[in-house]
Amino acid sequence: FTGVRNLTFVTPSQWLANLVQKSFLQEHPTIVINNGIDLNAFRPIKGNFIEKYDLNDKFIILGVASVWDRRKGLKYFIELAEKLDHDETIVLVGLTEEQIKQLPDNIIGVTRTNNVEELVSIYSSADVFVNPTLEDNFPTTNLEALACGTPVVTFDTGGSIESVDQDTGLIVKNKTSKELYKSICHIKDQKKASYEKHCIKRARKYYSKVDKFNEYISLYRKLDLCE
């Protein structure tokens, strides 16, 4: 790396930028350009997800991951299932068929979907998006939930907290299912509607993929890397 001319590091989160600046790469400039999402695709919509799974009058707790493993916090959802009231249910997207077979009755498992409209419908239907991640840089799922008007509850992990403020969700310092459920109940008491417009506003202000593309182009021009 030391032999690369005009080297600048770009990280998607301030958390990772701080780590770079503590490493042997600290002599090089580091800037943050967050991940972005397609805001034309991710927006509040009225789909048929609630009717399809008979979730009328249910408080929907959503989790989404491309792969559900230890670091994504699947075990916390299993523990949460034991704490839920009768009007609460968990929906997890991205599970394997084998994982779905092992779920408790009050967790609805959905396999990974490549249908963006279906995913947007699920985000929009949820009352809260929960991300109990144990290792993360700057999860895009948080951004997708916000863009669909759904508040985010996340563990205090890496850069996951950087997309959440007091108007758009809650950060759980103590990584336990008990504390996670307390935050979920707080969102439930406050109602999704009190967060919705703030979530959408934050996503549109900070996380448009078009804006992020332009930030990269501006950087290339600044570094004289454009043809």
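Remarks
- Among (1) loosely packed, with under 15 Cβ neighbours inside 10 Å; (2) touching a residue at least 12 places away in the same chain (Cβ under 8 Å); (3) over 30 Å from residue 85 (Cβ atoms), the one test that residue 209 misses: (1)
- Residue among 141, 133 that alone is touching a Ser or Thr at 6+ places or on another chain (Cβ under 8 Å) and in contact (Cβ under 8 Å) with a residue 40 or more places away in the chain: 133
- Among residues of the range 193-206, those that are in contact (Cβ under 8 Å) with a residue 60 or more places away in the chain and either in contact with an Asp or Glu (Cβ under 9 Å, 6 or more places away or on another chain) or aliphatic (A, V, I, L, M) (or both), counted: 2
- Neighbours by Cβ (under 7 Å, 6+ apart or cross-chain): first from the range 161-174, closer than 11 Å to residue 150 by Cα; second surrounded by fewer than 23 Cβ atoms within 10 Å (Cβ to Cβ) and of a type in the set (Lys, Arg): 168/202
- Any hit, the range 4-18, residues being touching a Pro at 6+ places or on another chain (Cβ under 7 Å), open to solvent by less than 60 Å² (accessible area, probe 1.4 Å) and not in a strand (DSSP E or B): yes
- Exactly one residue out of 224, 156 is among the charged types (D, E, K, R) and modelled with pLDDT of 95 or more: that is 156.
- Number of the exception - residue 201 against (1) farther than 15 Å from residue 63 by Cα; (2) buried (at least 24 other Cβ atoms within 10 Å of the Cβ): (2)
So that you can scan it fast, the table gives a plain yes or no per residue for (1) part of a helix (DSSP H, G or I); (2) not hydroxyl-bearing (Ser, Thr, Tyr):
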residue	(1), (2)
174	no, yes
182	yes, yes
196	yes, yes
200	yes, yes
216	yes, no
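- Strands (runs of 3 or more DSSP E) wholly inside the range 38-153 containing at least 1 residues that are surrounded by 14 or more Cβ atoms within 10 Å (Cβ to Cβ) and of a type in the set (Ser, Thr, Tyr): 88-95
- Checking every residue in the range 80-92 against the condition of being over 26 Å from residue 191 (Cα atoms), in contact with a helix residue (DSSP H, G or I) (Cβ under 9 Å, 6 or more places away or on another chain) and either touching a residue at least 12 places away in the same chain (Cβ under 8 Å) or aromatic (Phe, Trp, Tyr) (or both) gives zero matches.
- Number of positions in the range 154-172 that are β-branched (Val, Ile, Thr) and assigned to a loop (DSSP other than H, G, I, E, B): 3
The values are calculated or read from the model by the stated rules, or taken from the named source; none is laboratory data. This structure is a prediction, so every number in the text was calculated from the model and none was measured. Heads up, the Cβs are rebuilt from the backbone with ideal geometry, glycines too, and the neighbour counts pull from every protein chain shown. Each accessible area value is taken on the protein alone, full model and side chains, heavy atoms only, with ligands, DNA and RNA left out. Shrake-Rupley method; radii C 1.70, N 1.55, O 1.52, S 1.80 Å.
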